[in-house]
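Report on one structure; see the data block that follows.
Read the figures in this text as sums done on the coordinates, not as results from a lab. Because the structure is predicted, anything quoted here is derived from the model rather than measured. Please note: Cβ atoms are built from the backbone with ideal geometry, for glycine as well, and neighbour counts cover all protein chains shown.
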Amino acid sequence: MTGFSTLLVANRGEIAVRVLRTAQALGYRTVAVYSDADAHAPHVALADVAVRIGPAPVAQSYLDVDAILAAADKAGADAVHPGYGFLSENADFARRCAEAGLTFVGPPPEAITLMGDKVQAKLRMIAADVPTAPSFLGGDASVDTLVAEADKLGLPLLVKASAGGGGRGMRKVTEASQLREAVASAQAEAGSAFGNPHVFLERLITGARHVEVQVFADTHGNVLHLGERECSAQRRHQKVVEEAPSPVVGDALRTKMGEAAVAAARAIGYVGAGTVEFLLDDEGDFYFLEMNTRLQVEHPVTECVTGLDLVAWQLDVAAGKPLPMKQEELRMEGHAIEVRLYAEDPYAGFLPQTGHIVRFEPAPGIRVDSGVRSGGDVSAFYDPMLAKLIAHGRDRDEALRKLRRGLRDTVFLGPVTNLVFLQALLDDPDMVAGTIKTDTLDARFAEPPQRPDIPAVSWAVAGLVMARAHGVDPAVGDGQAWRSSGVLRSPMTLRCGDEQHEVTVELDGRDAATVTFGQDAIGLRVASDAHGRLRFECDGLLQAAVYAVERTRAWLSIDGVSHAFEEPDLRAEAAQSSDGTVRSPLSGTVMTVQVEEGASVTRGQLLVTVEAMKMEHRIEAPLDGVATDVTVSAGDQVAGEQTLLRIESEETEG
């Protein structure tokens, strides 16, 4: 039996915290690794010891195999858990761990390699009688051959990269005229992203669901499945909501899909935790999609309905122990649903956000897996996922109800998040009915959703907390306010997003206020205000708000809806509004600079591309003119709002 005593977690964020907690509960000594950007991250504070592995970029830290192996040696680790993402499905890393005498908490390198090649994986599944969608997997990947084979398969179909995932190197083809361009662009993207331009063809299963089965295998020949998860709520092939069990999978279908998943694992000599993903059509037929040779982001919903700790199982299997139960002993109780909280703005095309986390208070009553905390930062170097919120109920309705409440009770002040979008999604009729398919969200959000209006009460409370924070209180006094008839007035300009109002706060005594903006005048009575928690009465309703104020900014959360308000420097903005300054919209890495000093540019012309959080952002010219003061080059790290260059209009030059 293989034993180990010290576990290094080769990851960051919530999955690192998740693994560290279970490992410590089982008595293992734990080691964290961190980049410069994560020196004060929760996973670093949680581990028994931590080792710096490099600067913030992932290629120089979390993807640096030599640095991680050196960290294991330095800290005396004898086992490595890769988490998910980064090196978790890197066969060379698993092999290097074994060569260094480290127990790799994952499958054999050969299984990782096989499942990482979608063509070879499908061929192995066909040999194992696992259902697969009709495909062309031939070695001749010339455009002419692919066009001829597409005609045999019929439309619609997918052109898919043999390597990689995440939707890259994948193109949907619905008309024959699209095929040649789709093949060429998929090959180019696959070659750039994965170093392998090979693509294959697969029949597109329209109106399908994405249902995956959790499997586990040990080194004693035992393989079982732990039921299925429904992952059809996706946007651009990225999962948004996951649940277990699937609302459309009954006992008979569960048995069939489970047996197919177990056969897939056996066919490749699998060991450890893995997920076999299927597409399920309306007739109940299912087709192998791929196998993820690691722990999944959505594993908590399986843990909730089975009552099992999958990380504990991983560690036991890696230590040579047999699986603790047989298939017939597995029980699933109730229903669990998970959503992913991201630092992104859904109403601006799901643009990733960065910045300081002013206040983060996870909701009570639900499970929250997170790797961030108040006072930390959301970095442009890593995935923008902040936390996973999971609710478990006796049935699906109860799980949905608990999760809705959990989202309302979650406080996140700082960068914009998708919290409000998730609340709306859980109320969506298709979500409530359990009828969402893999193409539902892409069709619904082909254009960004409309930004919700900011409630009048939020403007009023923001004005109130700003006034009180700045000392506009009858008991304190403030030179910026003025008094009339015993009432203290404080005028200010407040901006939230693209909306701006002139706001006047009239404080009458310590606890009463009237806030006027536009055509609205709202009366507030303060019931209590301590530690950033405000209880106030408005229009006969006693409500609660959580807030924070820093200089000219106020963050406010009421009933799960957060906004950031600021007092803009209008004079400075007026002076800069027409100077042609081009700034980066967020922190990230400059990928390309498309303009040279002194070059003429036209409004809308691409100037710079910045990569942040796995996405590329185009920065275009705001006006016609000449580029000056170009201060950045490809590879530079830039901060949000940092000046990149300036455009001098031709009128200004003349």
Would you mind calculating the gained length between Ala348 and Leu330 on full extension (0.36 nm times residue separation, minus the Cα-Cα distance), in nm to one decimal?
-> 2.1 nm
Expressed as a whole number of Å, what is the distance separating the alpha-carbon centroids of segment 397-443 and segment 513-537?
-> 29
Karplus-derived 3J(HN,Hα), 6.51/-1.76/1.60, for each residue of segment 207-216, Hz, glycine and proline x = x, 8, 9, 9, 10, 10, 10, 7, 10, 9
Entry for percent of Cα pairs over 34 Å apart (calculated from the structure that is shown) out of (1) 40; (2) 46; (3) 52 | (3)
Roughly what angle does helix 143-153 make with the longest principal axis of the chain, taking Cα atoms, 0 to 90 degrees, to the nearest 10?
-> 80
Cα-based helix-to-principal-axis angle, 396-409 vs the chain, degrees rounded to 10 = 40
Calculate one ³J(HN,Hα) per residue across segment 431-447 by plugging θ = phi - 60° into the Karplus curve 6.51 cos²θ - 1.76 cosθ + 1.60, and present them in order as whole Hz with x for glycine and proline.
-> 5, 4, 7, x, 10, 5, 10, 5, 9, 5, 5, 5, 5, 6, 10, 4, 10
Report, by chain and number, residues whose modeled amide H sits under 5 Å from the one on Thr493, excluding near sequence neighbours (fewer than 5 apart, same chain).
-> Val503
Could you list Met125, Met291 in order of exposure, starting from the residue whose Cβ has the fewest other Cβ atoms within 10 Å?
-> Met125, Met291
Could you state the number of Å between the C-alpha centres of segment 171-246 and segment 90-120?
-> 21
Step through the residues of segment 596-605 one at a time and calculate ³J(HN,Hα) from phi using the Karplus curve (6.51 cos²θ - 1.76 cosθ + 1.60, θ = phi - 60°), rounding each to whole Hz and writing x for Gly and Pro.
-> 9, 3, x, 6, 7, 10, 10, 3, x, 5
Long-range HN-HN contacts of Gly509 with modeled amide H, under 5 Å = Leu488
Spelling it out for Glu344: with amide H atoms placed in the peptide plane at 1.01 Å from N, the residues 5 or more places away or on another chain with amide H under 5 Å from its amide H are Gln353, Thr417, Asn418
